[in-house]
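Colleague: Okay, handing you the structure first.
The values are calculated or read from the model by the stated rules, or taken from the named source; none is laboratory data. Everything numeric in this text was worked out from a predicted model, so none of it was measured. Every residue, glycine as well, gets a Cβ built from its backbone with ideal geometry; the counts of neighbours run over all protein chains shown. Areas reflect the complete protein model, heavy atoms only, side chains present, ligands, DNA and RNA absent. Shrake-Rupley method; radii C 1.70, N 1.55, O 1.52, S 1.80 Å.
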Amino acid sequence: MDQAFELVAPVLRRVAAAEGARLHEFFRDDPVWRLDLSSRARVDAAIDVSWSEERPEEYAVTLIWWENDQLHREDVGLFTRDQSPDELERLLKDAASRLAPR
């Protein structure tokens, strides 16, 4: 699984640092890297970047937040290996901006 995230790891680390997020590599030993945004959002929130052996060229970006003990999920988009890493950074920052404190 380490090789699967080699391409995206630098972007994930950079965005985590810029957004003040805690980065969990291989969250719960799954092929998911999670940016925990709870410290900057008004709710418990995270952005997951997940990979699957069935679709090894794609990374799904999902926004997750808990509000009133209810889990919410929003698909932000897909990043593919043939895209510029800047596109992944844009997806991550877009997801984080949706959680701006209100």
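Colleague: Quick one: Arg34 ticks every box in (1) among the charged types (D, E, K, R); (2) farther than 22 Å from Gln83 by Cα; (3) surrounded by 15 or more Cβ atoms within 10 Å (Cβ to Cβ) bar one, so which box is it?
Modeller: For Arg34, the failing item is (2).
Colleague: Might you let me know whether the range 79-90 holds any residue that is open to solvent by 50 Å² or more (accessible area, probe 1.4 Å), among the aliphatic types (A, V, I, L, M) and modelled with pLDDT of 95 or more?
Modeller: No, the range 79-90 has no match at all.
Colleague: State yes or no: is Ala4 touching a residue at least 24 places away in the same chain (Cβ under 8 Å) and open to solvent by less than 40 Å² (accessible area, probe 1.4 Å)?
Modeller: When the stated conditions are applied, Ala4 passes them.
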